[in-house]
Structure formats: structure tokens, C-alpha cells
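Taking it in order: structure first as C-alpha cells, then the write-up.
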Amino acid sequence: MMKENVVRKMTMLLSLSFLLSGCLGGKKSCPIVYEKKEKSEVVAKVLGQDITYAELIKGIEGEIFEAEEKVHQLKEAQFKMIVLKKLREQDPKGKDLTEEEFIDKVVIKGLTPKESDIEKFIVEKNIPKEHVNADLKERVKAFLLNEMKRDAIDDWINKKLESNPASVYFYPPERPTFDIKVGDAPTYGGENAKVTIVEFSDFQCPFCAKGKALLDQIKKEYGSKVKIAFKNFPLSFHKDAHNAAQAGLCAKDQGINFFWKMHDEMFEDQQNIAISGLEEKAKKIGLKMDQFKECLSTQKHKASVDAQFQEGLEVGVKSTPTFFVNGKLIMGAASMEVFSELIDQELEK
């Protein structure tokens, strides 16, 4: 239902955008007049009333950021190709070579993935042995080669520009920032840490299991420098997610350590989180079973889970996992590099 509402909303927005774009071209009957205006918080006026930029983007901040980020990545890629061309033109070796030949012979110098690189990739991505064949290995090799080429080009350009750095006047978009309160959510890490990561998650969501592994990596790398808070956002089409969310809070009633143990058990075995499975996990981690069963059967924490879900909706959470690093939005289980860059920036403030 959640997914359907988002799709319906985006379809409506796209339909409206086509309607408005159809007014362009000087049609006299068009009800929309585009006017040049200095950048301002007010972006439009309707029936004598101002519409602010905040109103315009409310609820779609994440989608706008992702779109702007893709535009920025295109600009960055184009910029690198322009720089590469200018450096090639100044290089004596580049005079008689095409761009492709120059990259192959001068920049990357015949790089190719080793068999051990391919095997390592297969292991890291947990590709089943029955799916591993010559065709798959060739596709992995091509993927790794592209990665190696990209890194080699970046390194070569950076080295060439060391003595004469480039000045760049286009900027990456700023992440949307929200006022997220930790409240009574279970936390892990330094109580007075400079960086707080709030995660909205769903125990039945496979991507959230990847998010859990990512947060484990952050815990290991940053320790008490970061505080992590967990909030429930059980999606309606995951039939066991709401009970699992309540089970986590029932475990928390018996101690914060029990919450994190239950948290880990549920993500470790997401296929077994119906009521019987939750009870098995509770027994395994050493909870007082009478207290746990009563908590779960009476739905003691249903209202708390619902309140966290509603809070997520209000700050633009549409899917799981969604993270807020000192309020800055990260949608999905992004790479460790994305989190590290943001965490390091916040720690340096």
C-alpha cells in the first residue's frame, strides 16, 4: 500500500509536469505564466498568496536530491573528460593517439583484472556456486575492468593537476536536513557523540539487513564517536514486520542489551520472524519468557511502533532503510564511503 501511494503520487506529479510544460510556447489560454525572478524563498504566487520553496518541495526532498545528484555526477564525468582531453593535448604522447588509444596506452597502461580479483568479487557478493560459469566470470571481469579504468583515470588526472590544481565552480547538491529527535528510541554508542545516526528500518526488509551490516562497520570504525538510534518503520506489505518491531521493544523492556541482541537475531534470520520464531529468538537470547509473551500478546508497544512510523512519514521516509546523519538524509543502504564522508564532515565541525 505504501509503495502504491508513492507511485500514485509520483505519477500525478509527472502528469502535472506534462500539463504545465504543454502551456509553453506562447499559448494565450495557458493559465501558467513563467516570470523571471531573483532567487527567493517565494517561488510562486496563486490567488494573491505566496508559495514558498519549502512548501514546493515538502515530501519530495529526497527525490529532488537524488535527481540533482545524478545531474551533478553527469557534470563531474563531463568535466573529467574535458580535463583529460586538455591534458592529452599537452602530452607529447597524445599527439598521434586517439582519446581511446591514449587512455589504454598512457593512462591505464594495459590494466586487467586478475583471476584472484574475479574470485574475490564472487565471494564478496555471495554469488551461489551453481551460478558461477565462464560467462559470469567474463561479465565480472568487464565490470572490474571498468572500475579499474575509472580509478586509473582519476589517479592520473589528480597526479597531473598536483602542481596546477583546477578551479571548479559547480557544486554538489546539499543533502536535505531534518530535525530528528532520538526520543526513547534504543541507542548504541557514545551518549554525547558529535554524530547521531537515526535509522528507520523494517525487520523483514532484505535491504535493511544490508543496512545492519553497514552500521556494524560504522560501529567498528567510529566506536563512541557515533551514536546510533533505531526507529521502526514496518512496511504494510511485510506481514511479520509490525510484530517483529514490537518484539524488539518488548526485549528492550528487559534491558537495552537485549534489544540489540534481538535486533541482531531478527536480521540474521528474517525468514523466521512470525510469532513462534520471535519466541524462539527471545528464549535464545535469555529473555524472561512470561514477560516477553505477555508484552507481545497484549501488543504493549503497538502505539509506539505506529508513532515511529508516523514520525518517519512526516520527515519524508518512503522506503527502508532510511538514515539521518545529524539530520542529513541518506536514502537506502548506501556505500560505506558515502557514510564515512558525511560522518567525517560532521566530526570536523
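No lab work stands behind these numbers, since they all come straight from the coordinates. These numbers come from a predicted model, not from an experiment. Ideal geometry is used to build each Cβ from the backbone, glycine not excepted, and the neighbour counts take in all protein chains shown.
Given a 10 angstrom Cα cut-off, can you work out which residue in P234, P173, P128 is the most mobile in a GNM of the chain? Checking each option, the largest mean-square fluctuation is seen for P128.
Taking 18 Å as the cut-off, the amide N atoms of the range 174-207 that come nearer than this to a point 7 Å along the Cα-to-beta-carbon line of K225 belong to 188-198.
For the chain, the 222 nm mean residue ellipticity estimated from helices alone, with every DSSP H stretch of n ≥ 4 adding -39500 (n - 2.57) and the total spread over all residues, rounds to -17000 deg cm²/dmol. Computed from label points 7 Å out along Cα-Cβ, the spacing between D290 and N192 is 4.2 nm.
Here the translational diffusion coefficient of the chain follows from Stokes-Einstein with Rh set to the Kirkwood radius across Cα pairs; for 37 °C and 0.692 mPa s it amounts to 134 µm²/s.
Backbone geometry of the range 191-205 corresponds, through the Karplus equation with coefficients 6.51, -1.76 and 1.60 at θ = phi - 60°, to 3J(HN,Hα) couplings of 4, 10, 4, 6, 10, 10, 10, 9, 10, 9, 9, 9, 5, 9, 8 Hz, x marking Gly and Pro.
Angle of helix 2-21 to the longest C-alpha principal axis of the chain, folded into 0 to 90 degrees and rounded to 10: 40°.
With respect to the chain, whose longest principal axis is taken over its alpha-carbon atoms, helix 115-124 is tilted by about 30°. Could you sort out which of K58/K125; K80/K349; K114/K160; K129/K220; K212/K302 sit more than 32 Å apart by Cα distance in this structure? Too far apart for the 32 Å limit: K58/K125. Between the alpha-carbon centres of the range 221-235 and the range 274-349 there is a gap of 8 Å. For the range 187-348, the normalised intensity computed at q = 0.08, 0.09, 0.15, 0.16 Å⁻¹ comes to -0.22, -0.28, -0.78, -0.88 (log10 of I(q)/I(0), Debye sum over alpha carbons, equal scatterers, no solvent). Rounded to whole numbers, the Karplus 3J(HN,Hα) couplings from phi for the range 46-60 are 10, 6, x, 10, 6, 10, 8, 4, 4, 5, 4, 9, 4, x, 10 Hz, using 6.51 cos²θ - 1.76 cosθ + 1.60 with θ = phi - 60°, and x at Gly and Pro.
Taking label points 7 Å from Cα along the Cα-to-Cβ direction, E174 and K210 give a separation of 3.0 nm. Mind running the shape call on the range 260-349? Use the C-alpha gyration tensor, a ≥ b ≥ c as the square roots of the eigenvalues: rounded below 1.5 for a/c, prolate if a/b tops b/c, oblate otherwise. Prolate, since a/c reaches 1.5 and a/b exceeds b/c.
Applying 1/(1 + (r/R0)^6) with R0 = 30 Å to the Cβ-Cβ distance of E124 and H72, what FRET efficiency is obtained, to the nearest 0.05? After rounding, the FRET efficiency stands at 0.60. The distance from the alpha carbon centre of the range 39-105 to that of the range 172-218 is 29 Å, rounded to a whole number.
The slack in the chain from E341 to I57, taken as 0.36 nm per residue of separation less the alpha-carbon distance, amounts to 99.7 nm.
Per residue, the convex hull around the alpha carbon atoms of the range 64-156 comes to 135 Å³. Across all Cα pairs in the range 105-233, the calculated P(r) in 10 Å bins from zero up to the longest distance comes to 9, 22, 22, 29, 16, 1 percent per bin.
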